[in-house]
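Below: the structure, in structure tokens.
The values are calculated or read from the model by the stated rules, or taken from the named source; none is laboratory data. Because the structure is a prediction, the values reported are computed rather than measured. So basically every Cβ, Gly included, is an ideal-geometry build from the backbone, and we count neighbours across all protein chains shown.
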Amino acid sequence: MNKKNIASAVALAVVASCAVAQTGTETAFQAYAYHAGAAPRPEYLFQGRPHALSIGAQMENQRRGVSAKGQIVPTDWKVRSLLGSVGLNVLPWVTIHGAAGECDLDFGLDDNRDSDFMWAAGAQARIVEYLILDPPLANDLCWLGIEAAAQYRNGTSEAVGSEIDWHEWRAALTVHLGARPERFGFVNRVSVYAGPAYSGISGERRYSFTKTKFSEEQAYGLLGGLHVNPADNFSFRIELQRFDRTTLGASLGFHF
């Protein structure tokens, strides 16, 4: 079984997708406050989310500029990926995840590249979640949160006579503002988030007997998104990343 078939099997087996940043429902602190209707004790703050295991699906269309040493005009880097992932809460406020699937690379080259294998691993920490019982600009309960996330991604792409291997390190610190619009009845929880992000890409292209190393044109940028929980055990997210170019991703997750 080649790498492409392995990637397809993994993606189908776990419903395909990435990112610990793609998972989550309310913490036990929030569940206690919402459902019990009484003031929670301080130790409930990081009791953790009620779903320790998650699987999901993520699609991403990444666009960046990359360049080799001495290159004046950056090359347009496009990666379309479909990954399957599994997340696990190892601590009440820390989630780790692993992911694998397929990616399709367009490197601004004339050769016809095949879809190939990509994998990722990362972690997410829910640093603060502050429940606002009487928000000044809303009628529903709101909360303010801060999350940190890091991820490593590795991919390959093959074509006739050439092969590309690349690595990417991602990190982000985001502020979340959310609410439970219970009076509407069709959604359990919705939040928006934004913050600074880092994405460092490095790789090597091997062509015949030559090797060319390349890296990202701009490593620091911003990201933001919308996260919706129609139910406690299901979430959907859409995210926009802005570096020198724009990356768009969408994901869904099921939590157990």
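Taking only pairs six or more apart or across chains, which ones have beta-carbon atoms under 7 Å, a first residue in the range 112-133 that is within 16 Å of G145 (Cβ to Cβ), and a second residue that is surrounded by fewer than 17 Cβ atoms within 10 Å (Cβ to Cβ) and modelled with pLDDT of 95 or more? Partner pairs satisfying both residue conditions: A125/A148; I127/I146; I127/A148; V128/I146.
Matching residues to (1) hydroxyl-bearing (S, T, Y); (2) modelled with pLDDT of 85 or more:
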position: R64; (1), (2): no, yes
position: Q71; (1), (2): no, no
position: K78; (1), (2): no, yes
position: S85; (1), (2): yes, yes
position: V94; (1), (2): no, yes
position: F107; (1), (2): no, no
position: A120; (1), (2): no, yes
position: I132; (1), (2): no, no
position: A149; (1), (2): no, yes
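Please work out which residue is nearest to F117 (Cα to Cα), limiting yourself to the range 155-168 and to residues that are of a type outside the set (G, A, S) and surrounded by fewer than 16 Cβ atoms within 10 Å (Cβ to Cβ). Let's see the steps before the verdict.
Applying the first criterion (of a type outside the set (G, A, S)) to the range 155-168 yields 156, 158, 160, 163-168.
When the remaining residues are screened for being surrounded by fewer than 16 Cβ atoms within 10 Å (Cβ to Cβ), the result is 160, 163, 165, 167.
Working: V160: 17, E163: 12, D165: 10, H167: 12 Å.
Across the range 155-168, the extreme among qualifying residues is D165.
Scanning the range 225-235 turns up no residue that is of a type in the set (F, W, Y), touching a residue at least 40 places away in the same chain (Cβ under 8 Å) and either in contact with a helix residue (DSSP H, G or I) (Cβ under 7 Å, 6 or more places away or on another chain) or surrounded by 14 or more Cβ atoms within 10 Å (Cβ to Cβ) (or both).
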